[in-house]
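Inspection log for the structure reproduced underneath, given as structure tokens.
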Amino acid sequence: EAAERVRERGGYFDGWSPTFVGFFLWGAFGYSATEFVRRFMFDAFSVGPEYEIPVIVVAAAVSSFFGCFLISPFETVRIKMVSDSSYPGSFPKAAAKVVREGGGPWALFDAVPAFWIKEIPFAVAKFAVFDASTAAIYEAFPAAKEDLR
């Protein structure tokens, strides 16, 4: 039934451009901001390496908090493009319609709280697990760390 619906109405790739651009920007921001906040915390608070995991958790949460403001407009428009056939197929036109019908540009940010609930725990877990597993691998295989230098 789903395949038939896609053939009839199209829609399999509807909304791909805001998803691609939005998550590309969100990912670039998220990784860069996490690293920036992490380094800032180590420098500003003279934190030792024994606090690497708590620092990365805070850095990931902070960067994800702000990154959600970046992804929300793209995903808001994508959802409208996919769920409402009256929306244009191009991102700029669909975004303009969301703003017009939603009462202004703030309509693009309605999904921010939902993204906080989803993305902050995801980012925290992603960076914490990566750092913890990397530390465990380096401890188990010291030569791996030396190969990086």
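The values are calculated or read from the model by the stated rules, or taken from the named source; none is laboratory data. Predicted model only: the values in this text are computed from it and were never measured. No Cβ is skipped: glycine too gets one built from the backbone with ideal geometry, and neighbour counts run over all protein chains shown. Ligands, DNA and RNA are stripped out before the accessible areas are found, and what is left, the full protein with its side chains, is counted by its heavy atoms. Shrake-Rupley method; radii C 1.70, N 1.55, O 1.52, S 1.80 Å.
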For log10 I(q)/I(0) by the Debye sum over Cα atoms at q = 0.09, 0.15 Å⁻¹, one of (i) -0.43, -0.84; (ii) -0.39, -0.96; (iii) -0.43, -1.18 was computed from the structure I shared and the rest are decoys. Which label? (i)
Applied in sequence order to segment 23-39, the curve 6.51 cos²θ - 1.76 cosθ + 1.60 (Karplus, θ = phi - 60°) yields integer Hz couplings, x standing for Gly and Pro, of 6, 5, 5, 4, x, 4, 5, x, 5, 5, 5, 4, 5, 4, 5, 4, 5
Residue among F69, A143, Y87 farthest towards the positive dipole end of the chain, charges placed on Cβ: Y87
Compute the distance in nm between two label points, each set 7 Å from the Cα along the Cα-to-Cβ direction, one at I53 and one at F122. 2.3 nm
Pop a pseudo-label 7 angstrom from the Cα along the beta-carbon direction at both F42 and A96 and give the gap in nm to one decimal. 4.7 nm
HN-Hα couplings for segment 96-111 via Karplus (6.51, -1.76, 1.60; θ = phi - 60°), in whole Hz with x for Gly/Pro, come out as 4, 5, 4, 5, 5, 7, x, x, x, x, 5, 4, 6, 10, 4, 8
Just the number, please: carbon plus sulfur as a percent of the accessible area of the chain, 1.4 Å probe, no ligands or DNA/RNA counted. 67 percent
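Over segment 60-116, average the accessible area per residue using a 1.4 Å probe and give it in Å², no decimals. Don't jump to the answer; show the numbers that get you there.
Values: 2940 Å² over 57 residues.
Here the residues of segment 60-116 average 52 Å² of exposed surface.
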Taking the alpha-carbon distance from K93 and a cut-off under 21 Å, which lysines remain once sequence neighbours fewer than 8 residues away in the same chain are dropped? K80
